[in-house]
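This report refers to the structure that appears directly beneath it.
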Amino acid sequence: MTVGQTITRVGKAPMRSRVEIMAAMLNEVSLSSEGLRRTRLMYRCNLSYRQLKAYVDCLTEKEFLSVAAIGNGNGGKFEVYRITDEGLSFLRSYSDLKHRLREGFLMR
């Protein structure tokens, strides 16, 4: 490599903002009619457990997500995340803003 050349990383995705991550989580949960379990949501959104916990705490605090304890038939329970009406409203607003920005709406 010569002086002045830059190294480009192949396949490295740009970092997501916190809002993008929250929108991705809400979108994944909204696609499931029965809600999503923690591990499934973590994998689908490509998050660590620590990140997932922080975002779930924020989304439930803002009432965008609800958490329900469901029995598995063997006496055990697990948590299922479901999107709320507030979460759907946020997701619609986020999608609308993203669409407008793509059109150059705010660039005029």
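The values are calculated or read from the model by the stated rules, or taken from the named source; none is laboratory data. Keep in mind that what you see is a predicted model, and the values were worked out from it rather than measured. Positions of Cβ are generated from backbone atoms using ideal geometry, with glycine treated the same way; all protein chains shown enter the neighbour counts.
Which pairs turn up if I take residues in region 68-97 that are over 17 Å from Ala24 (Cβ atoms) and without any contact (Cβ under 8 Å) to a residue 12 or more places away in the chain and look for partners that are among the small types (Gly, Ala, Ser) and surrounded by 15 or more Cβ atoms within 10 Å (Cβ to Cβ) with beta carbon separation below 7 Å, at least 6 apart in sequence or on another chain?
none
Of all residues in region 56-69, how many are surrounded by 13 or more Cβ atoms within 10 Å (Cβ to Cβ) and among the charged types (D, E, K, R)?
1
Determine if region 70-80 includes at least one residue that is more than 17 Å from Ser17 (Cα to Cα), surrounded by 11 or more Cβ atoms within 10 Å (Cβ to Cβ) and of a type in the set (Phe, Trp, Tyr).
Yes, region 70-80 has at least one match.
Just the residues that are hydrophobic (A, V, I, L, M, F, W, C) and in a strand (DSSP E or B), please, taken from region 24-79.
Residues satisfying the conditions are Leu36, Leu65, Val67, Ala68, Ala69, Ile70, Phe78.
Go through region 8-39 and give me each residue that's modelled with pLDDT of 90 or more and among the acidic types (Asp, Glu).
Glu20, Glu28
When the residues of region 84-108 are filtered to those that are modelled with pLDDT of 95 or more and more than 11 Å from Ala23 (Cβ to Cβ), which remaining residue is surrounded by the fewest Cβ atoms within 10 Å (Cβ to Cβ)?
Step by step, filter region 84-108, then rank; the result is Asp85.
Are any residues in region 26-55 more than 24 Å from Gly71 (Cβ to Cβ), crowded, with 17+ Cβ neighbours inside 10 Å and not hydrophobic (A, V, I, L, M, F, W, C), and if so, which ones?
Once the filter is applied, which keeps residues that are more than 24 Å from Gly71 (Cβ to Cβ), crowded, with 17+ Cβ neighbours inside 10 Å and not hydrophobic (A, V, I, L, M, F, W, C), region 26-55 yields only Tyr55.
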